[in-house]
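The structure under discussion appears below in the form of structure tokens.
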Amino acid sequence: MNDLDTYRPALHRFTLGQADVTTILDGAHIRKPINPPFAMDKSATEIAAIAAANNLPANGFENTYTPTIISIGGQTVLFDTGFGAMGHDNNAGNLARRMGLAGYAPEDIDVVAFTHCHPDHIAGVMEGDAPTFPNARYAIGRREFDAWTDGSEIPPQRAQNREMFLKLIPPLADRMTFLEDGDAVVPGLTAEAAFGHSLGHMMYRLESGDKSLLVWGDVTNHYVFSLQYPDSTVGFDDNKDMAIASRKRVLDMVATDGLLVSGHHMPFPSIGYVERHGHSYCWTPASYQLRM
Ligand SMILES: [Zn+2]
């Protein structure tokens, strides 16, 4: 066990309707500075003021990576894979091992559903030459798969990322379902388009009884510097204008509907709500409402 296992929560599990939801911290990295990647329209002074107002440091941020597992109707679906072996030297790639602590063996995963194909979401799908989740089929947005395969719309800074995609994902195509907006992954879990962070980025909505949860992937990647300022350009976004439009649409929807969210880069356990504050938004971590 390393320090992270001992001193920092890395597993979170709760029941929602008939579904079991587990979030697992794959890893965490300190990155400096804040701009880039976040708040690229803001000055250092403005960023320092935002940081201070939120009791955060102004010289950098922690990026966390939190895949979600949802078991419903006898099917267990993993959303995104973390870094896998490429994270092991750098405080990440812990998903497969920590799943075991949560009671899930790699063999238990029936479906791996990808929100998109950036490294922190796909790298853990293979372990060497073998699939990490040996019984899984795969689900991915059609637009996402086609964009990375074709390559012409992929920005130059994602060239290495595209090499990773070509190595990892197309070889799995014979076990892959290609999703359009509104398609079901399994009964109770539906894909929803939110393009922009990547060309074909997907979210997934769980509906069980009167309960709902949106696995929003990377619609917004920092709970303050992006979520509170959805109009701000983010360096991580592959189509920046489309990403801003999707972010504003999804934040409005989630805040209006009081929808519970699982966000890959929200602070662990990465489960919460979005409150509207004038033209801005605020992330509110879930607490005991899920246990009552
Ligand atoms: Zn990400």
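Global size of segment 1-103: 16.9, 52 Å for Rg and Dmax (C-alpha atoms, Rg to one decimal, Dmax whole).
Pick from T177, T68, T256 the residue whose mean-square fluctuation is largest in a GNM of the chain, springs joining Cα atoms under 10 Å. So, out of T177, T68, T256, the one fluctuating most is T256. For the residues N55, N91, N135, a GNM of the chain with alpha-carbon springs under 10 Å puts the largest fluctuation on N55.
Comparing Cα centroids, segment 22-81 and segment 137-157 end up 23 angstrom apart. The magnitude of the dipole of segment 155-214, with charges of +1 and -1 set on the Cβ of Lys/Arg and Asp/Glu and taken from the Cα centre, is near 340 debye.
Hydrophobic long helices, here whole DSSP H runs in the chain with Kyte-Doolittle means of at least -1.0 and Cα atoms spread over 15 Å or more along the helix axis, are found at 240-257. Sorting the segments 123-129, 21-27 by their mean number of nearby beta carbons within 10 angstrom, highest to lowest, gives 21-27, 123-129. Farthest toward the positive end of the dipole of segment 3-291, out of A92, M164, H279, is the Cα of H279, where the dipole comes from beta carbon charges about the Cα centre.
Magnitude of the charge dipole for the chain, about its Cα centre and with charges confined to Cβ atoms of Lys, Arg (+1) and Asp, Glu (-1), is about 520 debye. Report note on the peptides 151-164, 228-241, 32-45: ranked by the mean count of other C-beta atoms within 10 Å, highest first, their order is 228-241, 32-45, 151-164. Need one word for segment 119-231: rounded, prolate or oblate. Basis is the Cα gyration tensor (sqrt eigenvalues a ≥ b ≥ c); a/c below 1.5 gives rounded, then a/b vs b/c decides. Taking the square roots of the gyration eigenvalues as a ≥ b ≥ c, segment 119-231 is oblate.
Which one, G196, A51, C117, projects farthest toward the positive side of the charge dipole computed for segment 3-291 from Cβ point charges (K/R +1, D/E -1)? Projecting each Cα onto the dipole axis, the largest value belongs to A51.
Considering all alpha-carbon pairs of the chain, what whole percent are spaced by more than 29 angstrom? Here the long-distance tail beyond 29 Å is 29 percent of all Cα pairs in the chain.
A short reminder: the numbers here are calculations on the coordinates, not readings from a lab. Bear in mind the structure is a predicted one, so any value in this text is a computation, not a measurement. A quick note on method: Cβ atoms are made from the backbone with ideal geometry, for glycine too, and the neighbour counts reach across all protein chains shown.
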